[in-house]
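Accompanying notes for the structure given below.
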Amino acid sequence: MKKYLGSFLFLCFLISCQTESKLTFEPIQLEGENCAGCPKIEINIPSALDDSPVSEAINRSLKEEIISILSFTEDKTIDTADKALQSFTDSYKELKVKFPDEIQWEATIDGEVVYEDENVITFMLNSYSFTGGAHGYSSTSFLNFDKRKGTELENWELFDDLNGFEDFAETKFRIQEKIPQDTNINATGFMFEGDSFHLPNNIGYTKNGLQLIYNQYEVASYADGPIVLILPYNEINLYLKRKVKI
């Protein structure tokens, strides 16, 4: 009996530790003004509730992303999500006065946690905005955070061997996109600057591996859509600064 009780308590301890390592979030929904002459704005993001440096960094970075997507001015007084929504609305109303036939603007932002372990937590933000023209613009952003240090990570901070990872990623990219290894990276129609492969602006941890996303226009035309490359952790752990248990 003591043997089974000990095993049960140990299992409870493991579950408790795993639960404690997870951050706590609540969903936040923000919407623009509901009127005939207002743009459509919908924002759904998680808000970290834990009283910790990493939670503060997460909420600050999410707020900055919203401001960056919705603001059209360099006004430094726009320092909250609500002010960013108002700025987007005001910009549309000002344009509508000058051009009454302007099609309604819209913006949506959806954020979620796509990976978390004891060292790292990653958010994916999918956004869409239409501010006139032939079509709107969709993009995906990753935000990676070091849970122990409580800081947001730049892409280069994810790696122990950045150059080695970039070479490996290029090989995998060429295989996926059917670009011969001995030809120019743009041989099949891509638009890498300087005819040289480079990593995308957005790299993030996911359950299936490290995900690289080239958003529209980044290395290909709008019609090509986003280019996504997923690299399994068992193939890239040697390059990562924060290894993932497999």
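The values are calculated or read from the model by the stated rules, or taken from the named source; none is laboratory data. A quick note: this is a predicted structure, and the numbers were derived from the prediction, not measured. In this analysis, Cβ positions are derived from the backbone assuming ideal geometry, glycine residues included, and neighbour counts consider all displayed protein chains. These area figures cover heavy atoms from the full protein model, side chains too; ligands, DNA and RNA do not enter into them. Shrake-Rupley method; radii C 1.70, N 1.55, O 1.52, S 1.80 Å.
What are the ³J(HN,Hα) values, in whole Hz, obtained from phi via the Karplus relation 6.51 cos²θ - 1.76 cosθ + 1.60 with θ = phi - 60°, for each residue of segment 208-217 in sequence order, with x given for Gly and Pro?
Residue by residue, segment 208-217 yields 8, x, 6, 9, 10, 10, 9, 6, 3, 6 Hz.
Which FRET efficiency value, to the nearest 0.05, do you get for VAL113 and ASP195 by plugging their Cβ-Cβ distance into 1/(1 + (r/R0)^6) with R0 = 35 Å?
After rounding, the FRET efficiency stands at 0.40.
Taking N as the number of residues in segment 101-246, what is its Cα Rg relative to 2.2 N^0.38 Å?
Ratio of Cα Rg to 2.2 N^0.38 Å: 1.15.
For the chain, set up a Gaussian network in which alpha carbons nearer than 10 Å are linked by springs, and say which option among PHE173, PHE88, PHE192 fluctuates the most.
Greatest mean-square fluctuation among the candidates belongs to PHE192.
Tell me, what HN-Hα J-couplings in whole Hz come from the Karplus equation 6.51 cos²θ - 1.76 cosθ + 1.60 at θ = phi - 60° for each residue of segment 187-194, using x for Gly and Pro?
My calculation for segment 187-194 gives 4, 9, x, 6, 10, 5, 5, x Hz in order.
Please check: in the Gaussian network model of the chain (C-alpha springs, under 10 Å), which one of SER21, SER138, SER129 has the largest mean-square fluctuation.
Maximum among the listed residues: SER21.
Rounded to the nearest 0.05, what FRET efficiency do ASN234 and GLU74 have when you use their Cβ-Cβ distance and R0 = 41 Å?
So the FRET efficiency works out to roughly 0.35.
Quote the charge dipole size of the chain about the Cα centre in Debye, to the nearest 20; the model charges only the Cβ of Lys and Arg (+1) and of Asp and Glu (-1).
980 debye
Would you mind telling me the share, in percent, of accessible area of segment 158-246 contributed by carbon and sulfur at probe 1.4 angstrom?
49 percent
Too long at a 18 Å Cα-Cα cut-off: which of LYS147/LYS243; LYS178/LYS207; LYS207/LYS245; LYS63/LYS96; LYS207/LYS243?
As for pairs spanning more than 18 Å Cα to Cα, those are LYS178/LYS207; LYS63/LYS96.
How long are the three semi-axes of the equivalent ellipsoid of the chain, in whole Å, if each is the root of 5 times an eigenvalue of the C-alpha gyration tensor, listed from largest down?
Listed largest to smallest, the semi-axes of the chain are 36, 29, 14 Å.
Leaving out ligands and nucleic acids, note down the accessible area per residue over the chain with a 1.4 angstrom probe, in whole Å².
About 57 Å² of surface per residue is accessible.
Full-extension gain between GLU56 and ASN34, please, as 0.36 nm times their residue separation minus the C-alpha to C-alpha distance.
4.8 nm
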